[in-house]
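What follows is a set of notes on a single structure, which appears directly below.
Where a number appears in this text, it was derived from the coordinates with a stated rule and is not lab data. Just so we're clear, the structure is a prediction, and the values are computed from it rather than from any experiment. Here the Cβ positions follow ideal geometry from the backbone for every residue, glycine too, while neighbour counts run over all protein chains shown.
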Amino acid sequence: MTVTVNGLAELKKLAGSDLGSSDWIEVTQDRIDTFADATGDHQWIHVDPERAAAGPFGAPIAHGYLTLSLFIPLFTELLDVRGVTTKVNYGLNKVRFPSPVKVGSRIRLTGRLTEVQDVPGGVQITVDGTIEIEGATKPAAVLQSLSRFYA
């Protein structure tokens, strides 16, 4: 369920709040191949299903940065900030990839808005996010994301 706020004042009130979980999305071989084409990273562990089946994970796995890039579409399911002119990614404080995402797996994001700070013309939020793999004991990614919202 999406948390919706209108304006920076309402966003500030969310500091320390859990944002819940996104829907599950499947990581398909087509998505992995498209990411490989976009980035030029065609390592066999990602794009060669036959060779990857005999590899260390028993199947092709998503690029770590593909998993990370899915943070944005998943995050938009958690928080909708209205009444602002601009929304930008500001960066990451830390990212870890504890478990690979095998082709055909489903992932989702759980998030907590840990901090809201004033910046010139707007606010910066810090979100602690975990990208979970359905049925797995370890997450695909654990990260701290920074975004800015301008009035």
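Using label points projected 7 Å from each Cα along Cα→Cβ, tell me how many nm separate Gln43 and Ser21, to one decimal.
Those two pseudo-labels are separated by 2.9 nm.
Considering Cα pairs under 8 angstrom that are at least six residues apart, work out the relative contact order of segment 2-151 and quote it in whole percent.
Relative contact order for segment 2-151 comes out at 31 percent.
Can you work out the Karplus-derived ³J(HN,Hα) for every residue in segment 6-15? Use 6.51 cos²θ - 1.76 cosθ + 1.60 with θ = phi - 60°, whole Hz, and x for glycine or proline.
With the stated coefficients, segment 6-15 comes to 10, x, 5, 4, 5, 4, 4, 5, 7, 3 Hz.
Roughly how tilted is helix 29-39, in degrees to the nearest 10 and between 0 and 90, from the longest Cα axis of the chain?
Once rounded, the angle reads 70 degrees.
At q = 0.11, 0.13 Å⁻¹, what is the log10 ratio I(q)/I(0) for the chain, with the Debye formula run over Cα points and no solvent?
The Cα Debye sum returns log10 ratios of -0.46, -0.62.
Which FRET efficiency, nearest 0.05, do Asn89 and Thr137 yield, Cβ-Cβ r, R0 41 Å? Please report the intermediate quantities before stating the final value.
Details: r = 29 Å, r/R0 = 0.72.
After rounding to 0.05, the efficiency reads 0.90.
Out of segment 1-37, which trypsin sites (Lys or Arg not before Pro) are coil in DSSP terms and have no more than 14 other C-beta atoms within 10 Å? Kindly include the intermediate steps, with their values, before the conclusion.
Details: sites: Lys12, Lys13, Arg31; in loops: Lys13.
Loop-located and lightly packed - Lys13.
Rounded to two decimals, what ratio of Rg to Rh does segment 1-78 give with C-alpha atoms and a Kirkwood Rh?
That ratio is 1.17, to two decimals.
Select from Arg96, Arg108, Arg51 the residue whose mean-square fluctuation is largest in a Gaussian network model of the chain (Cα-Cα springs shorter than 10 Å).
Its mean-square fluctuation being the largest, the pick is Arg51.
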